[in-house]
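Data block below; observations after.
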Ligand SMILES: *Cc1c(COP(=O)(O)O)cnc(C)c1O
């Protein structure tokens with residue numbers, strides 16, 4: 001499928017050879033034989049509209065299997081014919097640049113495009129593309145000058161892509177895996193974590209060429225991310241639905257026309273501003289989309305009427321992003337555990353003021369305790385049973401262990417690169433470096449995938465704060481948590497000692513050696529450490545390097561940048577900037593630092609860095625006022641402005657005791673359930689009352 005001149009017929013011919021299938025051309029083999037007259041005649045007698053209708057009707061007589069069918073340019077315009085073809089077919093859209101189509105049409109002297117009579121070709125193409133984009137199953141982004149052979153290969157690659165996901169702890173051989181029942185995209189989004197405690201990983205990783213990337217340069221973030229994400233296995237999620245989800249997700253951002261801007265900090269250092277979502281951290285970029293993917297998954301499994309409970313531990317930003325993502329749906333309640341005193345006052349206010357189907361509990365402990373409690377609850381078959389039976393909820397996961405949360409992060413790195421190309425900072429094909437302040441290793445892993453797909457990324461730099469267990473690991477191959485305890489820093493969102501997505505990275509670096517993964521993480525669980533062999537360390541170093549930054553350096557970076565540029569970085573971005581500059585010293589590549597949060601989320605650190613005093617007992621309003629008084633070229637974030645005026649709706653506090661926490665969770669679930677039952681009751685009563693009244697009216701009329 002595609003406009004005239006997109007190569008449908010010639011690509012179909014090559015595909016027929018490759019797949020050993022016959023071809024069938026609607027124009028040449030079908031229409032004229034059904035009609036008993038030529039297409040030109042039909043068009044002349046029926047006119048545009050009548051022709052389209054007749055064409056759709058004739059298309060409904062196509063009765064083919066295992067055949068490469070090339071459509072007419074106008075086939076997709078009428079749903080009836082397409083619905084018939086899509087019943088057993090896969091619609092492949094040959095997406096050729098419009099300029100190229102215009103050129104080819106002139107060359108071929110095409111004069112028979114339905115509707116062309118009145119409008120210029122470019123307008124027709126734009127309209128047609130919208131229609132193609134509503135119906136295709138697979139898009140092939142045709143690069144400039146691509147041979148028919150190459151396009152056909154890309155079609156085969158996309159149509160036949162492996163849809164399976166396996167756990168990083170599944171030790172079966174390939175032959176054994178071929179026999180196993182397997183999970184697809186929807187299954188893994190719904191399940192979150194595999195039963196064997198491993199993380200799901202796709203069998204198929206797509207690639208993209210520089211010339212294909214060239215086609216993404218003029219596009220918006222929404223369009224770019226659609227074209228990246230649809231390359232991945234997504235079961236039978238229709239691209240048209242994915243498109244709607246993406247647009248809906250980013251409609252909540254401060255400026256939906258500029259979702260993920262790249263700006264220059266100084267010299268060759270750039271910031272990808274990942275913080276323009278509703279809760280002002282990069283988590284929103286994924287978590288505005290994941291709930292929609294989740295809903296599609298429960299629909300696919302026929303469980304769309306069930307309730308799914310999300311329990312998350314947060315060092316600050318995941319909590320509010322999940323509350324705003326999942327917690328606003330009525331069938332995905334969210335429970336957040338956060339370390340009391342371990343998050344910034346703004347982060348705390350964002351969470352405790354969040355209404356919806358939500359419950360927020362502060363715990364008198366640190367993030368790792370919260371995270372391990374969540375894991376224990378998630379992995380307890382007894383609790384699952386109780387939640388199911390007494391509270392009518394299944395358990396699900398919103399952390400980046402869920403592929404549905406991780407995979408929307410892959411386009412960020414593409415965005416940074418494409419913006420550099422668009423602004424002329426680099427030529428397509430030249431490298432950029434990327435540095436990401438890292439906690440759970442999720443955001444940086446998106447960068448690793450982007451690089452693997454073919455994006456010209458030079459160095460990928462992992463930036464840590466004093467909790468630099470990753471730094472030690474990535475430089476020595478020894479992961480050692482013994483004797484380490486979490487240090488509180490000005491960058492609390494990366495105060496983490498067990499980065500959960502490291503497991504996916506190791507799976508990748510060992511060519512999917514689940515046996516090794518099992519033995520390392522088992523040893524970590526029992527003895528608190530593991531070592532990887534030299535070849536694995538070397539493999540890791542090919543993809544990422546690492547640096548870390550102490551508290552003083554972090555605050556100095558904030559004040560230094562402010563003095564020189566009048567911009568304010570958040571403390572995490574400052575950690576990234578400090579590490580990036582050191583790691584990329586003397587290199588020519590532009591460095592992009594992931595700006596993972598807006599500075600106003602971390603007022604205490606920012607005010608300290610800028611040498612502004614703050615009374616010990618300052619209220620959030622005072623803090624906000626003080627922050628707003630700072631003269632800066634970094635715009636304030638809309639969502640933070642009114643915090644402090646909002647009502648605290650969550651006040652539950654727990655000791656670090658799993659039983660006590662479970663009790664609180666069950667209290668929330670019970671209240672929620674009785675609310676639901678009450679509502680149901682009220683609805684039934686209302687229905688009954690109206691029936692009664694109807695009956696009375698009827699009796700009255702009869703009497
Ligand atoms: C979550 C978070 C990070 C760490 O991201 P990971 O994917 O966990 O590595 C960094 N900075 C901020 C502000 C965050 O909220």
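Just for region 117-145: of the residues that are part of a loop (DSSP other than H, G, I, E, B) and in contact with a strand residue (DSSP E or B) (Cβ under 9 Å, 6 or more places away or on another chain), which one is surrounded by the fewest Cβ atoms within 10 Å (Cβ to Cβ)? The residue in question is 137.
Of all positions in region 289-305, at least one carries a residue that is at pLDDT 95 or above and within 16 Å of the ligand (Cβ to nearest atom). Annotation: of all residues in region 398-421 being part of a loop (DSSP other than H, G, I, E, B) and crowded, with 24+ Cβ neighbours inside 10 Å, the one that is nearest to the ligand (Cβ to nearest atom) is 400.
Which ones in region 344-376 are in contact with a strand residue (DSSP E or B) (Cβ under 6 Å, 6 or more places away or on another chain) and part of a helix (DSSP H, G or I)? Once the filter is applied, which keeps residues that are in contact with a strand residue (DSSP E or B) (Cβ under 6 Å, 6 or more places away or on another chain) and part of a helix (DSSP H, G or I), region 344-376 yields 351, 352, 367, 370, 371, 374. Looking at region 271-288, is at least one residue away from the ligand (no atom under 16 Å from the Cβ) and more than 23 Å from residue 488 (Cα to Cα)? Checking region 271-288: not a single residue is away from the ligand (no atom under 16 Å from the Cβ) and more than 23 Å from residue 488 (Cα to Cα). If only residues of region 180-223 that are assigned to a loop (DSSP other than H, G, I, E, B) and buried (at least 22 other Cβ atoms within 10 Å of the Cβ) are counted, the one that is modelled with the highest pLDDT is 198. Condition check for residue 12 on (1) closer than 26 Å to residue 99 by Cβ; (2) part of a helix (DSSP H, G or I); (3) in contact with a helix residue (DSSP H, G or I) (Cβ under 8 Å, 6 or more places away or on another chain): one failure, at (3).
Of the residues making up region 275-296, not a single one is under 30 Å from residue 394 (Cβ atoms) and exposed (fewer than 15 other Cβ atoms within 10 Å of the Cβ). For beta carbons closer than 7 Å, sequence separation of 6+ or different chains, a first residue in region 564-577 that is touching a residue at least 40 places away in the same chain (Cβ under 8 Å) and farther than 11 Å from residue 598 by Cα and a second that is within 16 Å of the ligand (Cβ to nearest atom) and assigned to a loop (DSSP other than H, G, I, E, B), the qualifying pairs are 567/634; 575/465; 575/491; 575/549; 577/569. In region 390-418, the residues that are more than 22 Å from residue 673 (Cα to Cα) form Cβ pairs under 6 Å with partners that are within 13 Å of the ligand (Cβ to nearest atom) and in a loop (DSSP other than H, G, I, E, B), at six or more places apart or across chains, as follows: 400/440; 400/501; 401/500; 406/400. Residue-level analysis places residue 40 outside the set of residues that are in a helix (DSSP H, G or I), under 19 Å from residue 128 (Cβ atoms) and touching a residue at least 24 places away in the same chain (Cβ under 8 Å). Only a single item in (1) modelled with pLDDT under 90; (2) within 30 Å of residue 620 (Cα to Cα); (3) not in a loop (DSSP other than H, G, I, E, B) is not met by residue 647, and it is number (3).
Consider region 475-484 and keep the residues that are in contact (Cβ under 8 Å) with a residue 40 or more places away in the chain and surrounded by fewer than 23 Cβ atoms within 10 Å (Cβ to Cβ). The one that is farthest from residue 537 (Cα to Cα) is 482.
Step by step: first the residues of region 555-596, then only those that are in contact with a strand residue (DSSP E or B) (Cβ under 9 Å, 6 or more places away or on another chain) and over 23 Å from residue 545 (Cβ atoms), then the one that is surrounded by the most Cβ atoms within 10 Å (Cβ to Cβ). Which residue is that? Of everything passing the filter in region 555-596, 567 is surrounded by the most Cβ atoms within 10 Å (Cβ to Cβ).
Filter region 422-447 down to residues that are more than 16 Å from the ligand (Cβ to nearest atom) and without any contact (Cβ under 8 Å) to a residue 60 or more places away in the chain and give me whichever is surrounded by the most Cβ atoms within 10 Å (Cβ to Cβ). Looking at the filtered set, the residue picked out is 427. Of the residues 71, 77, the single one that is at pLDDT below 90 and closer than 30 Å to residue 217 by Cα is 77.
Of all residues in region 169-185, those that are closer than 20 Å to residue 236 by Cβ and in contact with a strand residue (DSSP E or B) (Cβ under 9 Å, 6 or more places away or on another chain) total 4. Examine region 610-620 for a residue that is outside any loop (DSSP other than H, G, I, E, B) and either over 19 Å from residue 461 (Cα atoms) or in contact with a helix residue (DSSP H, G or I) (Cβ under 7 Å, 6 or more places away or on another chain) (or both), and state whether such a residue exists. Checked region 610-620: at least one residue is outside any loop (DSSP other than H, G, I, E, B) and either over 19 Å from residue 461 (Cα atoms) or in contact with a helix residue (DSSP H, G or I) (Cβ under 7 Å, 6 or more places away or on another chain) (or both).
Scanning region 626-640 turns up at least one residue that is within 15 Å of the ligand (Cβ to nearest atom), surrounded by 17 or more Cβ atoms within 10 Å (Cβ to Cβ), part of a helix (DSSP H, G or I) and in contact (Cβ under 8 Å) with a residue 24 or more places away in the chain.
Can you find a residue that is away from the ligand (no atom under 16 Å from the Cβ), part of a loop (DSSP other than H, G, I, E, B) and modelled with pLDDT of 95 or more anywhere in region 593-609? There is no residue in region 593-609 that is away from the ligand (no atom under 16 Å from the Cβ), part of a loop (DSSP other than H, G, I, E, B) and modelled with pLDDT of 95 or more. Once region 84-105 is narrowed to residues that are out of contact with any helix residue (DSSP H, G or I) (no Cβ under 9 Å at 6 or more places or on another chain) and part of a helix (DSSP H, G or I), the residue that is surrounded by the fewest Cβ atoms within 10 Å (Cβ to Cβ) is 87. Out of curiosity, is residue 339 crowded, with 24+ Cβ neighbours inside 10 Å and without any contact (Cβ under 8 Å) to a residue 40 or more places away in the chain? It is true that residue 339 is crowded, with 24+ Cβ neighbours inside 10 Å and without any contact (Cβ under 8 Å) to a residue 40 or more places away in the chain.
The values are calculated or read from the model by the stated rules, or taken from the named source; none is laboratory data. Please read all numbers here as calculations on a predicted model, not as lab measurements. Using ideal geometry, Cβ is built from the backbone for each residue, glycine included, and neighbour counts are taken over all protein chains shown.
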